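The values are calculated or read from the model by the stated rules, or taken from the named source; none is laboratory data. This structure is a prediction, so every number in the text was calculated from the model and none was measured. When we count neighbours, we look across all protein chains shown, and the Cβ atoms used for this are built from the backbone with ideal geometry, even at glycine.
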Amino acid sequence: MAGFVRRYTSTPSLNVLTAIEGVIIIDLPPPSPPQGVSTNACAIVGEFADMTYGVSFDSSGNCTANPNPVQIFSGADLITKLGGFDATIGQFGAAMGNGYVELRNKSFGVLVAVPVNMASSAGMRLWRYLPTNQSITNPTPVVPVSAATVPAAYLLTDASKPLERMKVGGAVYFSNLIAYATSITGAVVVAASAPTQIFSDPNATFTTQSRPDGLVGVQIGDIVVIGVIGDPGANGADQGTYRVVSVDSATQLHVELMNGTSFVWAMASSALAYRVHPASTADSYTQGGVAALLTNQGSYTVPAWPITNDAGTGSSASDGTWATGTSLIPVVTPPALTATSADPLSGLAGLVGPTTGIMYTHLVQAPNAPNNAAIDALYLTALSSLLNDDVPESMVTHVWAARKSLNIRNYLPQHVLQQSEYGVGRTTSISPPLNEPSTTVLTTVTGNTDPGVGANRAERVFYDWPGVQTMVPEAVNVPITGADGLVYTNGVIDTTGDGWLASILSNLPPERNPGESTDTTQTVLAPLLGYARNTPTLNINAWILLRQSGICGIRFDRNTGPEFQSGVTTSLVPGQQNINRRKMADYIEDSLAVALKPFVKLPLSNETIDAAVSQVTDFLDTLLSPDNAANQRISAYSVDPNSGNTPDLTADGIFVIIVNVQTLATADFIVLQAQIGEDVQITSSVTGTSGQ
């Protein structure tokens, strides 16, 4: 046997090949089939009850808009992250804006949401009381400490002005961490009234105590539950839930009432039952340290959403300020603690910060605020966050806004064009407001002036009209304005069609016509009950006009139910009029771009060129699927790696691959030519005859 056998997993250099005689095996891994990018990620920007993902707080307690796109995985996840239904959000029957209603009853392959910031520039702080101890000799809680949630939009009032209203702008979570220190030898002495008092235990190890959250020792902000409700002695007189203000030594703490008001110990004692919990069990601020002091504005980090101006009259028609130190209590008081029971939100209360009041801005925060420039600005800020290159926003291929205004409609085409220049191809759907007069709305929507379709023509823009109705059970017995200006309480809400189109696009492959009537589209549109309440009668001539104008509208067919009549873009340019053409072009282009990324900066050798071209042809061949007609997604393709290249381009590191793809046409117009009658002649060669 002459020579050596050598094996390599990549092509070695010439020097390696010629180093010694023999057989060289180059064992290359099989090429991985190129994968297409996802095209079903939709994003909504809207007004939601929970603004946690729309704001941020600095160390001074300043709350500013900081929209963070968040992926939503289910209906329950939506409520957890963005809150539930709130009838005061959005201008029902007109510009809308209610993000929850925009998503209700819809399904998405991938959904990303961005909340618009309606919170004030300063926050609030909330707390609750914990269950009392079992007895003077047993410092365990009478019932287990339970986790609890103060949901977004929870309604509070000024304790001294019962007509005023403020909502919690972001859910607050109280933990159920067990007490890490317990004893029955707590001691207090009666002293002058003050904001803080000394609490001690000669047997304690407050500075070195182990705890369930991984920290060591009692922290400022931790919760001390002292005494026993109903005890006739000091344990009953001094019982309560307190906050740690300072850790003086291993045996001594300074504590305060949860609301920070001055107090005195009612009775001196050296035999108090007590337990100590981490701050997260009873306080909205959980970071500990001096920042946890109630006197520190930076600890007021719960987004505040006032809906009245705190003038004492419950007015929402003018701006105002909730003063520093305002005591906040629930409009509906949770059950109080007893000697044997505790509600998860017993004692719930809060404060406006000590140095910065909470501003009320009626243009943004008033219930069902009509559209205005201030709201538009907040939407544009939120929409801009979807231009970031992070996940999940970078995978969004379609976007729409819950509120329908001129500025938002004008911005969305700019947005998708900008995103498509530097990332995945993105499209948008827009709609006019719901309250356009029914007598002129057809002329308006087909016109060239906003809110008409002609104001924003582009193949990446899909315009939807008319509006439709859907059932929102949470709105039953809640007064909601319809598109006709009347108020309804039956839970049937008028909505625009742009969100329904987004849902269709998120459930269909990109080459499919959103106007098709298939199991997929019928399932998505099944929750629709009819046209919006002010929709005029639409005959075939109206639908012809809508299609010619570039409007993709929902029509209720007497046989198949709701469907998008025409899957057209707003562009009137031939070749750019079909939504599925634009979506499929983005899909192919973005998928090929991903497949070619691994070759960037590699030597422009024949091997690199062949491998790159192979990735392109392999992907397109998968779409063509010549061996499996059921999987065919395109009609034909060609790949040209030669004619677009010149020596000058190659010298500059540029390699051109020219790709042409013929997409599948959709059967938009099926012609049925029929002759039916007694005198019709059927030739015997035609199948379907009786043979007689």
Practice item. Pick out, from the stretch 45-152, the strands (runs of 3 or more DSSP E) lying fully within it that include 2 or more residues that are in contact with a Cys (Cβ under 8 Å, 6 or more places away or on another chain). Key: 55-57, 110-115
Check your understanding: Can you name every residue in the stretch 207-225 that is in contact (Cβ under 8 Å) with a residue 60 or more places away in the chain and hydrophobic (A, V, I, L, M, F, W, C)?
Key -> LEU215, ILE220, ILE223, VAL225
Point to revise | Any hit, the stretch 278-289, residues being farther than 14 Å from LEU126 by Cα, touching a Gly at 6+ places or on another chain (Cβ under 6 Å), assigned to a loop (DSSP other than H, G, I, E, B) and modelled with pLDDT under 95 | key: yes
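Output the residues belonging to the stretch 488-504 that are surrounded by fewer than 17 Cβ atoms within 10 Å (Cβ to Cβ) and farther than 25 Å from ILE430 by Cα.
The answer is THR489, ASN490.
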Review point. So how many residues does the stretch 447-467 have that are in contact with a strand residue (DSSP E or B) (Cβ under 7 Å, 6 or more places away or on another chain) and either assigned to a loop (DSSP other than H, G, I, E, B) or modelled with pLDDT under 95 (or both)?
Key: 5
Check your understanding: Which residue pairs have Cβ atoms closer than 8 Å, lie 6 or more positions apart in sequence or on different chains, and pair a first residue in the stretch 471-500 that is among the aromatic types (Phe, Trp, Tyr) with a second residue that is in a strand (DSSP E or B)?
Key -> TYR488/PRO479; TYR488/ILE480; TYR488/THR481; TRP500/VAL468; TRP500/LEU528; TRP500/ILE554
Check your understanding: Can you name every residue in the stretch 470-480 that is among the polar types (S, T, N, Q) and crowded, with 19+ Cβ neighbours inside 10 Å?
Key -> THR470
Check your understanding: Just for the stretch 164-207: of the residues that are small (Gly, Ala, Ser) and under 45 Å from the mean Cα position of the chain (by Cα), which one is surrounded by the fewest Cβ atoms within 10 Å (Cβ to Cβ)?
Key -> SER175
Check your understanding: Identify, please: which residue in the stretch 512-530 is over 23 Å from the mean Cα position of the chain (by Cα) and assigned to a loop (DSSP other than H, G, I, E, B) and is, among those, farthest from LYS583 (Cα to Cα)?
Key -> ALA526
Revision key, fill the gap. Looking across the stretch 331-371 at residues that are in a loop (DSSP other than H, G, I, E, B) and under 23 Å from the mean Cα position of the chain (by Cα), the single one that is surrounded by the fewest Cβ atoms within 10 Å (Cβ to Cβ) is PRO370
Review point. Mind checking which residues of the stretch 209-223 are surrounded by 24 or more Cβ atoms within 10 Å (Cβ to Cβ) and of a type in the set (Val, Ile, Thr)?
Key: VAL218, ILE223
Check your understanding: Which residues, counting only those in the stretch 655-686, are acidic (Asp, Glu) and closer than 30 Å to ALA585 by Cβ?
Key -> ASP668
Revision key, fill the gap. In the stretch 120-140, anything more than 17 Å from GLY170 (Cα to Cα) and out of contact with any Leu (no Cβ under 7 Å at 6 or more places or on another chain) is listed as LEU130, ASN133, GLN134, SER135, ILE136, THR137, ASN138, PRO139, THR140
Study note, to complete from the structure: Of THR470, THR518, THR443, THR523, the only residue that is farther than 16 Å from GLY561 by Cβ and in the same structural domain as LEU417 (by TED's automatic domain parsing) is THR443
